[in-house]
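Novice: One structure follows; several queries about it will come next.
None of the figures in this text is laboratory data; all of them are computed from the coordinates on show. The structure displayed is predicted, hence computed values, not measured ones. As a convention, Cβ positions derive from the backbone with ideal geometry for all residues, glycine included, and neighbour counts pool all protein chains shown.
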Amino acid sequence: MSDGFPFFDIILFAMIAGFVILRLRSVLGRRTGHERRPPDPLTDGTETNDNVVSLPDRSNEPLDQQAEDQDALDDLPEDSLDAGLMRIKIADPSFDDREFSGGAKGAFEMIVQAFARGDEDTIRGLVSGPLYGGFVQAIEAREQAGETQETTIVNIRSADITEAELDGTEAKVTVEFVTEQVKVTRAKDGSVADGDPDKIELLTDIWTFARDVRTSDPNWELIAARVPEE
C-alpha cells in the first residue's frame, strides 16, 4: 500500500488484528516446556532451511508430461479439487500434493509449538506478513497477562488437502489437520486457567498455505488458520 493511505484503512487493520488475536488463541495449540522436538520436515520428501517448508524441484519435467497434465485437466470438473491441484502442478512443476501434505504436517507442528514458546523468529519464516502480525500481538498479550501456554501434539491423525486453487500466479492449498493434543493455559502463579494437562483433545484445524509460482523460492507460507464452523 502506498504512503498516505486513508485513515479508515488504519482502523480496518486494527480491527482485523484484534480479530486475528482472538482466533489464534482458539485455533492454535498451547504448550511451552514440554514439547517433543518437531519432526524434521525433510521427512516425506520435503526440504528445509531452518523455518521453511519447501518441495523437491521438478522444474525439468519433460514437456510431454506437461502436455499430458493439460489434457488431464481438460477432462476434470472445473471446480473440483483435482482440477485445482492440476492447475497448480501445470504452473509449478515442482508441486507434488502428497509431498506437500508431508511438509504441511511439519509446518503445523513447528508453528503450533513456536507460538506456544513465543518463538517469533520461527513463526516469521513460516507465516505471511499480515497473519504474522496477529501472532506477535497474541504472544505479547499473553506475556502481558503473565500467562504461559502449553501444547503437546500427541498425534497427527490426518492432514488432508481439501481445497486447491491458482489465483493468478498465487497457488493456494488448504489442509484439514485432525490432531490429538494436550492444551493448557497457566496463570502467572502456575495454576491452570484453561484446559486440562491430563486430557487429550481431538481437534480439527483448517490452514491455508500459499506461494507465488513465478518465483524460484519453493517455500510456502501460512496465510489463514481457522476451525470448522459448527
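Novice: Calculate the spin-label point distance for ARG124 paired with THR204, positioning each point 7 Å from the Cα along the beta-carbon direction, and give it in nanometres.
Specialist: 3.6
Novice: Let me ask another. Can you report the principal axis dimensions of the range 68-225 using only the alpha carbons, biggest first, rounded to whole angstrom?
Specialist: So the extents along the principal axes, rounded to whole Å, are 63, 29, 21.
Novice: Continuing with this model, one more query. Could you check the simple spin-label distance between ASP79 and GLU163, using points 7 Å along Cα→Cβ, in nm with one decimal?
Specialist: About 1.3 nm separates the two model spin labels.
Novice: Distance from a point 7 Å along Cα→Cβ of ALA193 to each backbone N in the range 105-141: keep the residues under 12 Å and list them by number.
Specialist: 139-141
Novice: Report, ordered by chain and residue number, the lysines lying within cross-link reach of LYS188, taken as a straight Cα distance under 27 Å and ignoring same-chain residues fewer than 8 apart.
Specialist: LYS199
Novice: Mind ranking 221-228, 103-110, 149-156 by how tightly packed they are, going by the mean number of other C-beta atoms within 10 angstrom, highest first? Don't skip to the end; give the middle numbers.
Specialist: Values: 221-228: 16.4, 103-110: 24.8, 149-156: 19.4.
Packing proxy ranking, top to bottom: 103-110, 149-156, 221-228.
Novice: How are the C-alpha pair distances of the range 142-193 spread across 10 Å bins, as whole percents from the shortest bin up?
Specialist: Taking all Cα pairs of the range 142-193, the binned fractions are 21, 26, 23, 23, 6, 0 percent.
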